[in-house]
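Here the structure comes first, spelled out in structure tokens, and everything after it is commentary.
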Amino acid sequence: MLPESAEYVAPDFLDHLIFNATVAEDHYLRQVRAAIDFERFRADMVSCYSAKLGRPATEPVLLLKLEFLQYQYDLGDQSVVEQTRYNMAFRYFLDLSLKSPLPHHTLLTKFRKRLGVEKHQQIFEDMVAQARGYGLVKDRLRLKDATHVIANIAIPSAVRLVAETRQQLLDALRPYQSERVTVEEERAASIHKATADLSGKERLLQRVTHLRDIVTWIEESVAVGSLAPSTESAWQALQEALQIAHKILADREDPKSKDRLVTLQDPDARWGEHHVHYAGYLLDVAEDADSGIITALNVLPANGDEARDATTLIEQEERAHGNDVHALSMDGAGSKGELLREWSDPQGLNLDVIVPPRPRSAANGYFGVERFTPTPDGEAMICPAGHTSNQRSRNRHNTGWMFRFTRGVCAACPLLGQCMAKLHQAVGRQVSTNDYEAEYQAIEAKAKTPAYQEIRRQHRRIERKLGELVRWHGLRRARYRGRTRVLIQSLLTALVVNIKCVVRSLTALPVRAEGLASP
């Protein structure tokens, strides 16, 4: 039973009669109340409130349950409160009397901000701990994959983005040099008028030049001491605006960069490609292969390193629960030598890694790299004809050595026709080694085993789990702006999906898609 408060009144006998008459016995929300201990989450939230300062807090477990209803039924802040006014299933789930007033919908926004990423992360982990307590989560295998989340933004043109950055910088400068800001705004208006009939390329160039001039003037002024910190907030705003301006200018220098800033409204969003070209984020998920419970998740910019993030997910789970994950399955993005070595290190994560082997370049009937023998010290290479080359350099990825045989040696070699199709005009045969060849050979050998094939069949489950998140619970598109807020959205969505999985496992009944019950 929740404590009484200004915005919480527990149901009485008449309320329970109404709930029993209107909420079906097999309603999903009844199953959730029976299976999940929401009161357990109170300990995760208690430090966000003061018993002595401010007005009495609205019951936090009530607000958390409202968040659950939001993400279960894909409702907004205002909609979930309105539905609660007349939806008996909602009232029953919230353990709320029909006479109880409801919190204002804006309180949900404040509640998310109050809890932040840290507390929502703790609640998510506590839900996984409940599933572990039921004996559902095993440590045998984690399935990892990622999907894209489209940012909640309107994407501006490059011209508009530069102009918005310039104005943001001038607004931050205004508390320090209002007269200079007026001059620069007049120049901006003049540029806008003078370039109205020019090409987009020329309009962009004029605005970039103006922005660069402003940045240069500010930095020179700071260097000579004519611009100095006043209030902490104003100085921080100026520094942040200056940092974004530098980023925009750098992007203009390299317009094909994979780390371009998309918009000022969501500066964490990036351009990426995941089946489609999009602006936003990557949702990275680890799932327990036995129960279907999401055990860890993270949100990266769209250009983030999905493969390397597997380390973060496994460490996040093991740190929260003190467990030891035995194996990891992911797609071909994880077939990187340095990561394979890191994951399988007995002194590190010590994982049995299951990934598709990377394709080998075909020798096309000529001598492959396996026909060349490195010397014991690894500083030279011996070709099939017995010639030795000690001319070596690191390859462009810095993952191995490139050995070069001289053109003269190759031209006189009797095995030239078996070694290459045509002799280069300047150099002979080039042979590349890899520092992680042992790791690549290990996963190639593993891929030939029945156990590997079985795990790859299980790996399809993570794709269905991602589909559930994005199709049935709206995680294809971000509700909010900023990586931390999108992470909160993702944690709440995963919480809802995990609860569904626990209920399904405990009741041994299919969880049917409940619509909003009639009043």
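Counting only C-alpha contacts under 8 Å and six or more residues apart, can you give the relative contact order of the chain as a whole percent?
19
For region 179-252, what is the largest minus smallest coordinate of the Cα atoms on each principal axis, given in angstrom and ordered from greatest to least?
42, 28, 21
Which whole-number percent gives the relative contact order of region 322-387, counting Cα pairs below 8 Å spaced six or more residues apart?
24
In deg cm²/dmol and to the nearest 500, what is the mean residue ellipticity at 222 nm of the chain if only DSSP H runs of at least 4 residues count, each as -39500 (n - 2.57), divided by the residue total?
So the calculated ellipticity at 222 nm is -15000 deg cm²/dmol.
Of the accessible area of the chain, with the probe set at 1.4 angstrom, what percent is carbon plus sulfur?
Carbon-and-sulfur percentage of accessible area, whole number: 51.
Determine, for each peptide in 390-396, 295-301, 234-240, 276-282, the mean count of other beta carbons within 10 angstrom over its residues, then list the peptides with the highest first.
Ranked from most to least packed, the peptides come out as 295-301, 276-282, 234-240, 390-396.
Could you give the accessible area per residue of the chain, probe 1.4 Å, as a whole number in Å²?
Accessible surface, normalised per residue, equals 50 Å².
Under the rule a/c < 1.5 gives rounded, and otherwise a/b versus b/c splits prolate from oblate, where does region 235-384 land using the Cα gyration tensor?
Here region 235-384 falls in the oblate category.
Show me the ranking of peptides 344-355, 161-172, 488-499, 447-458 by mean Cβ neighbours inside 10 Å, starting with the highest.
488-499, 161-172, 344-355, 447-458
For region 280-344, what is Rg from Cα atoms divided by 2.2 N^0.38 Å, rounded to two decimals?
Normalised Cα radius of gyration, region 280-344: 1.10.
If we restrict to alpha carbons, what Rg and Dmax does region 203-294 come to, in Å?
19.3, 64
At q = 0.23 Å⁻¹, work out log10 I(q)/I(0) for region 339-433 with the Debye formula, treating every Cα as an identical point scatterer and leaving solvent out; two decimals please.
The Debye formula, applied to the Cα set alone, gives -1.21.
Just to confirm a number: summing +1 for Lys and Arg and -1 for Asp and Glu over residues other than Pro301 whose beta-carbon lies under 12 angstrom from that of Pro301, what do you get?
Residues near Pro301 contribute -3 overall.
Run the simple label-point estimate for Asp324 and His104 please: 7 Å along Cα→C-beta, distance reported in nm.
Distance between the two pseudo-spin positions: 5.4 nm.
Modelling each spin label as a point 7 Å along the Cα-to-Cβ direction, I'd like the Val9/His246 distance in nm, to one decimal.
About 5.9 nm separates the two model spin labels.
For Asp290 and Arg187 in one chain, what is 0.36 nm times their gap in residues minus the Cα-Cα distance, to one decimal in nm?
Net length gain for the segment: 30.7 nm.
Could I have the simple spin-label model distance between Arg160 and Leu205, label points 7 Å from Cα toward Cβ, reported in nm to one decimal?
If labels sit at Arg160 and Leu205, their model points lie 2.4 nm apart.
Normalized C-alpha radius of gyration of the chain, against 2.2 N^0.38 Å?
Normalised by 2.2 N^0.38 Å, the Cα Rg of the chain equals 1.27.
What FRET efficiency do you get for Val369 and Ala451 if R0 is 22 Å and r is their Cβ-Cβ distance, rounded to the nearest 0.05?
0.15
The values are calculated or read from the model by the stated rules, or taken from the named source; none is laboratory data. Note that this is a predicted model, so its numbers are computed, not measured. Reconstructed Cβ throughout: ideal geometry from the backbone, glycine too, with neighbour counts over all protein chains shown. The area values use the complete protein model at the heavy-atom level, side chains included, leaving out ligands, DNA and RNA. Shrake-Rupley method; radii C 1.70, N 1.55, O 1.52, S 1.80 Å.
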